[in-house]
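Some notes on the structure that comes next.
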Amino acid sequence: MNQSPNEKELLELCKTKVAVKFTYLDSGKWVNNDFIRLSEDILEITKAYLSPTSLKRIFGKISSEAFPKKTTLDILSQYIGHKDWNEFVLQQAPFATAQSLEEKHPESDPLNRSNPSLLRKVAFICIPLIIVLAIPCYFYFSKQTPAADFSFTQTKPFGKAPFTATFKVNFPLKTSDEVNIHFNDPFEMDLDFINYRLTESSQTVAHTYMIPGVYHPQLQINNKVVDRADVAVYSNGWEWVAVNYHAKDRVFYTIKDQPSFRKDGIFCVPSTEVAKYHVDTMTSYCMRYMNYQDFKVDAENLKLEMKVNNPIPSGKKCTDIEIQLKFKHWNVGFMLFHKGCNGNYSRVQMGSKILNGIDNDLSMFEVDLNQWQNLSVKIKNATAWIEVNGTKLAAYPIEGDLGMLQGISINSQESARVDHLKISSSDKVLLYEDF
């Protein structure tokens with residue numbers, strides 16, 4: 001079915017806003033990697049996936065006469081800050097329509113407002129027509145799938161890993177609807193337990209999160225995200241995850257705290273310990289040090305102080321350290337990478353805003369990780385100030401509602417070392433470790 005000129009204009013306007021948000025003003029010059037990164041950025045912000053190929057069709061890189069589906073338009077609209085395509089159209093359509101009229105008839109008044117009799121005739125014809133059209137529209141839309149009530153029920157007020165969360169959809173499902181709960185659990189290897197389809201007879205489902213973290217499961221109806229939840233899974237003090245990316249399939253190993261990890265006042269899971277879990281430590285592996293708990297504070301006046309390094313192992317060239325403060329909805333974090341290493345993989349996250357090392361200059365985060373680095377992150381008035389060794393590296397505005405602080409994650413290529421760590425809120429110490 002052909003689309004009206006106005007719909008095409010609205011799509012072009014939406015694409016322009018997407019391009020501006022993605023920091024590229026000329027989408028015609030985008031290459032394959034740009035569409036891959038845009039796909040990842042859309043997934044990060046909306047928690048919904050649009051493939052690079054679909055984006056190429058939308059932006060004209062691949063020839064296609066088909067107009068994007070409603071679900072696709074909804075995702076693009078959510079990416080630029082709207083609830084869905086309908087909301088985007090309602091906010092933009094009056095402007096687009098008026099602009100189109102002015103461009104076509106800049107000197108004419110299509111209703112001839114100086115002629116009251118003509119206005120009365122138009123009203124006499126249009127008002128009954130609007131009423132006639134409105135009645136069937138009302139009955140049509142009133143029979144459409146209602147907004148889902150996606151209720152998240154915890155068996156306890158909070159839970160430590162492994163933690164089982166229960167999800168329930170509280171409205172009758174139609175047999176024509178495809179309703180799924182996507183658990184957004186990157187540590188779950190069984191695909192059947194990542195995206196679970198509900199039926200009329202099974203509208204309640206439980207999922208066990210094995211590893212501490214903050215998860216964002218979502219309810220999808222006919223591939224459209226209609227609701228989300230925030231699931232905080234707490235740790236038992238410090239816990240670690242070792243990730244072997246060089247295996248045929250990604251494998252995650254959880255490691256509990258041991259006294260041997262705290263040696264000479266230094267906190268570290270050595271490669272010799274990691275190797276016990278059949279992780280190939282001869283190639284690069286990744287470690288994640290985690291401490292999740294209900295800190296009962298938000299981001300305002302929050303301060304993180306810590307001393308870290310990540311010496312280059314023999315026979316290897318690069319290491320990095322990523323620090324993330326984990327909140328209920330979003331994260332605040334940044335990555336330090338060793339001098340001379342590829343900073344393209346570096347990134348900064350400030351709430352819903354993510355800056356990557358390819359499209360942004362993050363060279364200020366290039367340091368000598370063989371040496372100890374004193375880090376400081378201060379949050380005030382929705383802005384994060386980052387300092388290393390007493391030098392201010394950057395100050396970034398934080399976008400989106402972070403929610404309450406849930407934990408800290410220290411991610412590293414190889415095994416990072418921590419000398420001390422302190423998280424405080426105003427004058428209150430929330431977490432202090434001298435190891």
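Quick check on this structure: which one of Asn301, Asn310 is of a type in the set (S, T, N, Q), touching an Asp or Glu at 6+ places or on another chain (Cβ under 7 Å), assigned by TED's automatic domain parsing to the domain that holds Phe365 and more than 23 Å from Phe163 (Cβ to Cβ)?
That would be Asn310, the only listed residue that is of a type in the set (S, T, N, Q), touching an Asp or Glu at 6+ places or on another chain (Cβ under 7 Å), assigned by TED's automatic domain parsing to the domain that holds Phe365 and more than 23 Å from Phe163 (Cβ to Cβ).
Search segment 305-355 for residues being more than 19 Å from Thr391 (Cβ to Cβ) and aliphatic (A, V, I, L, M), and hand back the single one that is farthest from the chain's Cα centre (by Cα).
Of everything passing the filter in segment 305-355, Ile312 is farthest from the chain's Cα centre (by Cα).
Looking at Ile354, Ile312, which one is part of a loop (DSSP other than H, G, I, E, B) and surrounded by fewer than 20 Cβ atoms within 10 Å (Cβ to Cβ)?
None of the other options fit; the residue is Ile312.
Exactly one of these conditions fails for Ser412: (1) closer than 26 Å to Val274 by Cα; (2) touching a Lys or Arg at 6+ places or on another chain (Cβ under 6 Å); (3) not β-branched (Val, Ile, Thr). Give me its number.
The number of the failed condition is (2).
Residues in segment 271-289: is at least one in the same structural domain as Ser346 (by TED's automatic domain parsing), aliphatic (A, V, I, L, M), surrounded by fewer than 20 Cβ atoms within 10 Å (Cβ to Cβ) and within 30 Å of Ala229 (Cα to Cα)?
no
Give Asn344, Asn411, Asn360 a once-over and let me know the one that is at pLDDT below 95, in the same structural domain as Val241 (by TED's automatic domain parsing), more than 16 Å from Val308 (Cβ to Cβ) and outside any helix (DSSP H, G or I).
Within the list Asn344, Asn411, Asn360, the selection yields Asn360.
State whether the residues of segment 363-373 include one that is within 16 Å of Lys307 (Cβ to Cβ), crowded, with 21+ Cβ neighbours inside 10 Å and in contact with a strand residue (DSSP E or B) (Cβ under 9 Å, 6 or more places away or on another chain).
yes
For segment 250-302: of the residues being charged (D, E, K, R), part of a loop (DSSP other than H, G, I, E, B) and within 23 Å of Asp419 (Cα to Cα), which is farthest from the chain's Cα centre (by Cα)?
Ranking the qualifying residues of segment 250-302, first place goes to Asp264.
Which members of segment 1-59 meet the condition of being over 24 Å from the mean Cα position of the chain (by Cα), in a helix (DSSP H, G or I) and either modelled with pLDDT under 85 or not basic (Lys, Arg) (or both)?
Passing the criteria: Pro5, Asn6, Glu7, Glu9, Leu10, Glu12, Gly28, Lys29.
The values are calculated or read from the model by the stated rules, or taken from the named source; none is laboratory data. Please read these numbers as outputs of a predicted model, since none were measured by experiment. Ideal geometry is used to build each Cβ from the backbone, glycine not excepted, and the neighbour counts take in all protein chains shown.
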